[in-house]
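Asks: Could you have a look at this structure, given as structure tokens, before my questions?
The values are calculated or read from the model by the stated rules, or taken from the named source; none is laboratory data. Bear in mind the structure is a predicted one, so any value in this text is a computation, not a measurement. Ideal geometry is used to build each Cβ from the backbone, glycine not excepted, and the neighbour counts take in all protein chains shown.
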Amino acid sequence: MGPCARSGRGRTSRWRTCRLASVERFVGDRPAAWIDDELHGDAHAWAALRTVPTKLLSPDPRIGILDRDVRALLAFARRTGSAAFRSP
């Protein structure tokens, strides 16, 4: 999904999530987990309005994804019936 356009100071907008339109097009009406350290209110509003399961995870960029984050994402995948977690 490529880099986001940056402002003159090298930062993205503090109130808009720059990849939201791309993610919205990509996931369509499928359940989705989105991991990004720059999720803002617009992404949370979009997720809240979706009619399919949606998980947003915004890890601290200085630390990264923690074990508890991985557990939460795996639980989300199981709850949504991800093909990776279906029994053969």
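Asks: For residue 34, all conditions in the list (1) at pLDDT below 95; (2) of a type in the set (A, V, I, L, M, F, W, C); (3) in a strand (DSSP E or B) hold save one; what is the number of the exception?
Replies: Tallying (1) at pLDDT below 95; (2) of a type in the set (A, V, I, L, M, F, W, C); (3) in a strand (DSSP E or B), residue 34 fails exactly one: (1).
Asks: Please specify each residue of segment 51-69 satisfying the condition of being touching a residue at least 12 places away in the same chain (Cβ under 8 Å), in a loop (DSSP other than H, G, I, E, B) and either among the small types (Gly, Ala, Ser) or within 17 Å of residue 80 (Cα to Cα) (or both).
Replies: Across segment 51-69, the qualifying residues are 51, 52, 53, 58.
Asks: From 25, 19, 9, grab the single residue that is farther than 21 Å from residue 72 by Cβ and either at pLDDT below 90 or surrounded by 15 or more Cβ atoms within 10 Å (Cβ to Cβ) (or both).
Replies: Testing whether each residue is farther than 21 Å from residue 72 by Cβ and either at pLDDT below 90 or surrounded by 15 or more Cβ atoms within 10 Å (Cβ to Cβ) (or both) leaves just 9.
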